[in-house]
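For reference, the structure is listed below as structure tokens.
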Amino acid sequence: MTAAPGFVAFIHDDAASPAVDTAVAALGLSGARRVPTADGWLTLWRGEDGNSGDMLVIADGTGGAPSVAVPRDVVQEVPAELSVQIAQHRSYLWLDRERRVRVWTDHTGVSRLYAAAFQGCLAISDCPSPLAALAPELDQAMVASFVVNRWLLADRTLHQGVRALPVASTGALNQDGMSIEAYWRFQPGGQAWEDERELEEEFWRRIRTAVVAHAGQREIMLPLSGGYDSSTLLGVLRAEDLPFQTFSFCDGTPKAGSDAEVAARQAAALGVSHHLYRMDGIDTVALLRGNLENGLRNRALCFELPVYERAAADAHRAFGNPLFMFGEQGFGMGAFRLDSDTDMLGIGAMRTPETLNGCEVLLGTARTTALKGALGAAYADMLQSIPALACPDDAKDWFYYTNLFRADTGPLRVHTAAPYLPFAQPFLDLSLMDFVKHLGAGHRIGKAMFKRVSARHLPEIFALERARNTQAAVNVGAMLERDEASIRDVIRTLSPRIPGLGETDGFDRLLSAAIAEHTAPVTMDRVRENGRAAAGTFYRVLSYCRVLPKPAAQMLRRKLLNRYGWRTSRPVLFLRTLQLAMILDDQFGPAVAASRPQPKAAGENGRTLIPR
């Protein structure tokens, strides 16, 4: 149900060849070729050219964003002919001069590679779907994480035996496994600058250099939220006189002080073109199917998906070679200091396993309890993996990079942007990340230095008031109520028992409960039943009215809302469970596959094949 793979490879010896041949036939990988390696064989299938011989495979999740060279001293074993090909958001599989199978993974997780052990061999692909067919057992903790968090944890997938290869790594592969070594690590506080002003000016120089490099002679479409990251991109693109347009999206008419309204004022202050895309009236079933057809990338629904399709169409009318450019959160995303492991999970945007109680009408008591236990165990494993660092804020940023950063940020942009336009993320540039990771916590926390430097260099933008609220979201409960009949039609297309979830009549009950929650009047009894919802509303009111200074407001947010984050409403839980059922349901898969557009010609979808 995800996007079609660009390649599937099996690394094996003679003894495993019959099992590999059976798997190739079962997966329909016609045109697969067997290539001798130093340790045995590489049986390789490529979606675009299955008949060539010994070839290098490149997986490019950006859709063809501009190349930014990785320093040559990062990985010495990369062959010279790759030096002009390797870029930050691409992953590679190749045979080196000794005919060993080698792999390179990008440092952001944009172009993920997946691996699974299979009957004495190692299977690898740029898409988890074919590997899931070889290792079908579900990872119950990731089923729970998908529903609760909207994304999966670190390198795990929905299937127990399928894992993503570690990002920012290189290594050798053979049928017995992998020898992987990281080429980039988070090393907080490792570099001291005596001159603070010199430090900040170097940071600003790298920001401008990264933006220009990632633009790569393209015309830019900039999603503008009014936040610090996208606002800085706006200022740099204007200062560098690069061709670009901005756009925002919102549900309903922009309200004073909202993200879309502030973004429009920022663009107007610089005399830049700005488009507003309304998200009103999104059809629920069309949204579900559009997300499935677009490739899930192991994350839940993107409500803004139609916006990027419309923005890309407008970009092609305005420009000859357009590119989406994003400003993303980097290290120091949390604006408050940490006291406990609970804070660590909260800042990682994870939800407590008790959130699954909202799905009990679907899952049943026993299954809900089992999934809560599996997710709790996964959280415990993650917390145990955090290394001993100088301070909790260092641990927080390490945790963010190794989990939310690679599980959500990269997959989100691949999902929303790459099917329509190439995209770039200059704030995820290796040079910038190398610089920021060495800073002390005082510079990173709340992105303090980044905000200070951007405000000083872009006063005409940052003199404007910050956004007080967001309208870049939709009312999910209202969607479900409006489209109830068509949603129930979708439920009836599912098989009577959905693997890993339950019975279809449970989805009917959960939909009814979700609509009831949306339409129920707000009473004191309801507020008492859900203290966290009340706490969240109280915090949002205080934030909107700016009653407290930001540090105090952030402290209050932590005290009110941990464990572990914001409450997830039953309408949202319903949509995620239905989406997961559509992924897992064997009967629904062919219908989605039949409606998916045919693969593009070689080179158009960002996957390239280069001979050795």
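Odds and ends about this structure:
- Inter-residue pairs, beta-carbon under 8 Å, first within 20 Å of Ala210 (Cα to Cα) and in the stretch 430-453, second of a type in the set (Val, Ile, Thr) and part of a loop (DSSP other than H, G, I, E, B), 6+ apart: Leu430/Val68; Leu430/Val70
- Any chance Ala388 is hydrophobic (A, V, I, L, M, F, W, C) and over 24 Å from Ala168 (Cα atoms): no
- Residue within the stretch 143-156 that is outside any helix (DSSP H, G or I), open to solvent by less than 30 Å² (accessible area, probe 1.4 Å) and among the polar types (S, T, N, Q) present: no
- Candidates Asn174, Asn149 - the one that is closer than 30 Å to Asp39 by Cα and in contact (Cβ under 8 Å) with a residue 12 or more places away in the chain: Asn174
- Per the conditions (1) in contact with a helix residue (DSSP H, G or I) (Cβ under 9 Å, 6 or more places away or on another chain); (2) over 25 Å from Ala16 (Cβ atoms), the sole criterion not satisfied by Asp139 is (2).
- Pick from the stretch 375-391, criterion farther than 16 Å from Gln140 by Cα and in contact (Cβ under 8 Å) with a residue 12 or more places away in the chain, ranking: most open to solvent (accessible area, probe 1.4 Å): Ala390
- Wholly within the stretch 233-339, strands (runs of 3 or more DSSP E) carrying at least 3 residues that are open to solvent by 20 Å² or more (accessible area, probe 1.4 Å): 244-250, 274-278
- If you filter the stretch 460-474 down to residues that are open to solvent by 80 Å² or more (accessible area, probe 1.4 Å) and touching a residue at least 24 places away in the same chain (Cβ under 8 Å), you find that the one that is farthest from Gln266 (Cα to Cα) is Thr470.
- Annotation: Ile487 fulfils all but one of (1) at pLDDT below 90; (2) crowded, with 18+ Cβ neighbours inside 10 Å; (3) of a type in the set (A, V, I, L, M, F, W, C); the unmet one is (1).
- Leading residue by the ranking (least open to solvent (accessible area, probe 1.4 Å)) among those in the stretch 214-230 that are modelled with pLDDT under 90 and at negative phi: Gly227
- Note on the stretch 550-585: among residues that are modelled with pLDDT under 70 and not in a helix (DSSP H, G or I), the one that is nearest to Arg488 (Cα to Cα) is Trp566.
- Sub-6 Å Cβ pairs linking a first residue in the stretch 300-315 that is touching a residue at least 24 places away in the same chain (Cβ under 8 Å) and closer than 15 Å to His274 by Cα to a second residue that is assigned to a loop (DSSP other than H, G, I, E, B) and not hydrophobic (A, V, I, L, M, F, W, C), at least 6 apart or interchain, are Tyr308/Tyr420; Ala312/Tyr420, ordered by first then second residue.
- Yes/no for Ala441 being among the small types (Gly, Ala, Ser), within 14 Å of Leu575 (Cβ to Cβ) and under 29 Å from the mean Cα position of the chain (by Cα): no
- Positions within the stretch 162-182 being surrounded by fewer than 18 Cβ atoms within 10 Å (Cβ to Cβ) and under 25 Å from Asp394 (Cβ atoms), in sequence order: Ile180, Glu181, Ala182
- Selection count, the stretch 272-286, where residues are in contact (Cβ under 8 Å) with a residue 60 or more places away in the chain and hydrophobic (A, V, I, L, M, F, W, C): 3
- Some residue of the stretch 76-91 being over 22 Å from Asp434 (Cβ atoms), open to solvent by less than 10 Å² (accessible area, probe 1.4 Å), at pLDDT 85 or above and outside any loop (DSSP other than H, G, I, E, B): no
- Across the stretch 273-299, the number of residues qualifying as of a type in the set (Val, Ile, Thr) and in contact with a Lys or Arg (Cβ under 9 Å, 6 or more places away or on another chain) comes to 1.
- Hey, Leu131 open to solvent by less than 30 Å² (accessible area, probe 1.4 Å), modelled with pLDDT of 90 or more and either more than 29 Å from Leu56 (Cβ to Cβ) or assigned to a strand (DSSP E or B) (or both) or not: no
- Condition met for Val101 (crowded, with 18+ Cβ neighbours inside 10 Å, modelled with pLDDT of 90 or more and under 30 Å from Leu580 (Cβ atoms)): no
The values are calculated or read from the model by the stated rules, or taken from the named source; none is laboratory data. What you see is a predicted model, and the numbers here were worked out from it, not measured in a lab. In this analysis, Cβ positions are derived from the backbone assuming ideal geometry, glycine residues included, and neighbour counts consider all displayed protein chains. These accessible areas exclude ligands, DNA and RNA; they are computed on the full protein's heavy atoms, side chains included. Shrake-Rupley method; radii C 1.70, N 1.55, O 1.52, S 1.80 Å.
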